[in-house]
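Chemist: I have a structure I would like to understand better, so I am pasting it below and will then ask my questions one at a time.
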Amino acid sequence: MAFNVQYGATYRGTLSAPFNTAVGSAGIAKLWVGTQPANCGTADVAIGNLLATWTFGATWGTINSPSNGVITAINPVTAGVVAANSGVAGHFRIYNSSLVCVMQGTAGLTSGFDWNLTNTNISAGQIITFSSMSITFFGA
């Protein structure tokens, strides 16, 4: 089955707006060791070592209005955090303030990952900076 469906810019923008609502006014990002779980329903305790946690401010960072199906989150409240554990970053999750997983994806060094990092080898105590993240919706 081919996966080459594309949607118009206006429709992508309309569909991405509920994502902002789902993350809410105090969203959280967590960076984990290992392979991304099968789905967001997998409990955190079952997915590996937690490397770092960021807490976003109102409208999770400074989320811009969707532009052509792309949302950009900038400047979480806790931009630099201390790594809780050592390991190689492999995936991330975005949660609402109640710690319900809203999305997850891969993390790695190069394009082709959902979250591209400048360093995946994390050491406990290291400061990790989250500067921005762009999320592209629905065939943009």
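Chemist: Residue by residue through the range 34-51, which ³J(HN,Hα) values in whole Hz follow from phi under the Karplus form 6.51 cos²θ - 1.76 cosθ + 1.60 (θ = phi - 60°), with glycine and proline marked x?
Modeler: Rounded to whole hertz, the list is x, 6, 4, x, 4, 6, 5, x, 5, 5, 4, 5, 9, 10, x, 6, 7, 8.
Chemist: Highest first, please rank the peptides 4-13, 95-104 by the mean number of other Cβ atoms sitting within 10 Å of their residues.
Modeler: Final packing ranking: 95-104, 4-13.
Chemist: If packing is taken as the mean number of other Cβ atoms within 10 Å per residue, what is the order of 20-30, 45-55, highest first?
Modeler: So the peptides 20-30, 45-55, ranked by packing, come out 20-30, 45-55.
Chemist: Given H placed on each backbone N at 1.01 Å, which residues far from LEU109 in sequence or on other chains put an amide H within less than 5 Å of it?
Modeler: Answer set, sorted by chain and number: LEU117.
Chemist: Let me ask something additional. Once the Cβ-Cβ distance between SER98 and ASN121 is put in as r, and R0 is 30 Å, what FRET efficiency do you end up with, to the nearest 0.05?
Modeler: For R0 = 30 Å, the calculated efficiency reads 0.40.
Read the figures in this text as sums done on the coordinates, not as results from a lab. Computed from a predicted model, the values in this text were never measured in an experiment. All Cβ positions, even for glycine, are placed from backbone atoms using ideal geometry, and neighbour counts span all protein chains on display.
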